Amino acid sequence: MVEILWDDAQASAVHAWEEEASQATAPTTTLGYLVAKDRKTYTVASLINLNHVGHCLTIPRGCVREIRYLAVKEISD
């Protein structure tokens, strides 16, 4: 499990391009299972079961501010 703090792109509905061009990025937090990483990206999944890995998000490394590795505790019945 990881928590990734990163800067996401941000869109705006403003029609004047000068105002839209000055918008800052959106500070974002993503929690999930780190399922892949390479020189350019991290990929986090929020759903994992015996047959499927899903709800994946790939984040460019250049957008990442911090990664926190979280302990995983097994849940028992």
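The values are calculated or read from the model by the stated rules, or taken from the named source; none is laboratory data. Only a predicted model underlies this, so the values are computations on that prediction, with no experimental measurement involved. Every residue, glycine as well, gets a Cβ built from its backbone with ideal geometry; the counts of neighbours run over all protein chains shown.
For the reader, a short list of remarks on this structure follows.
- Candidates S76, S46, S22 - the one that is modelled with pLDDT under 95, out of contact with any Asp or Glu (no Cβ under 9 Å at 6 or more places or on another chain) and surrounded by 13 or more Cβ atoms within 10 Å (Cβ to Cβ): S46
- Candidate set from the stretch 49-70 (those that are under 12 Å from W6 (Cα atoms) and in contact (Cβ under 8 Å) with a residue 60 or more places away in the chain); member that is surrounded by the most Cβ atoms within 10 Å (Cβ to Cβ): I67
- Taking first residues from the stretch 1-30 that are within 21 Å of G62 (Cβ to Cβ) and among the charged types (D, E, K, R) and partners that are modelled with pLDDT of 90 or more and in a loop (DSSP other than H, G, I, E, B), the Cβ contacts under 9 Å between residues at least 6 apart in sequence or on separate chains come to E3/L70.
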